[in-house]
Amino acid sequence: MAEERSRTDVSSDAVIRKYFNMVYRLALSHTGNISFAEDVTQDVFLKFIQKKDNFETDEHIKAWLIRVTINRSRSVFKTSWFVKTVPLEQELIFETPEKSDVYFAVQSLPSKYRTVIHLFYYEDMSVNDIAECLSIKENTVKSQLHRGREMLRDKLKGGYDFV
């Protein structure tokens, strides 16, 4: 007899409060633009509200939010509106110059490396959790983390003692 999983009873407000910063930071990391990140974040949570009864656990919710955020962030650049616009220059303010340099170095990485670096360092996700969330093998995550770190090391070399 198949075991029936109990669905998690979640309030939309609680989920938004818990995961808003994670979704926004991931969207900002992928789009590199505050306005696009805000739009993506809003879209992700609207989709969540429409689908909220289909989740089994908090981990399932988190993984779904990450996957939808990544997909929605990628789709921003495919819209005809985006192709016809010119981005406004925006100034991100950092507490220290080091944080600014690291942020922009991470932003310059190819998407697959930027994603795993962001999830590992900014969202404190384990290699196993990242692999499950992105539907890739753990060894692939480890390879992408290693290559991403090497790229960051090359970009930041000479500027800081910790590189």
What is the list of residues in segment 33-47 whose amide nitrogen lies under 17 Å from a point 7 angstrom out from the Cα of Ala14, following Cα to Cβ? none
Out-of-range pairs (alpha-carbon distance over 18 Å; input Lys18/Lys62; Lys112/Lys137; Lys18/Lys47; Lys47/Lys112; Lys78/Lys137): Lys47/Lys112; Lys78/Lys137
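Computed from the coordinates by the stated procedures, all read-outs in this text should not be read as laboratory data. The model shown is predicted, which means the values in this text are computed figures rather than measured ones. Using ideal geometry, Cβ is built from the backbone for each residue, glycine included, and neighbour counts are taken over all protein chains shown.
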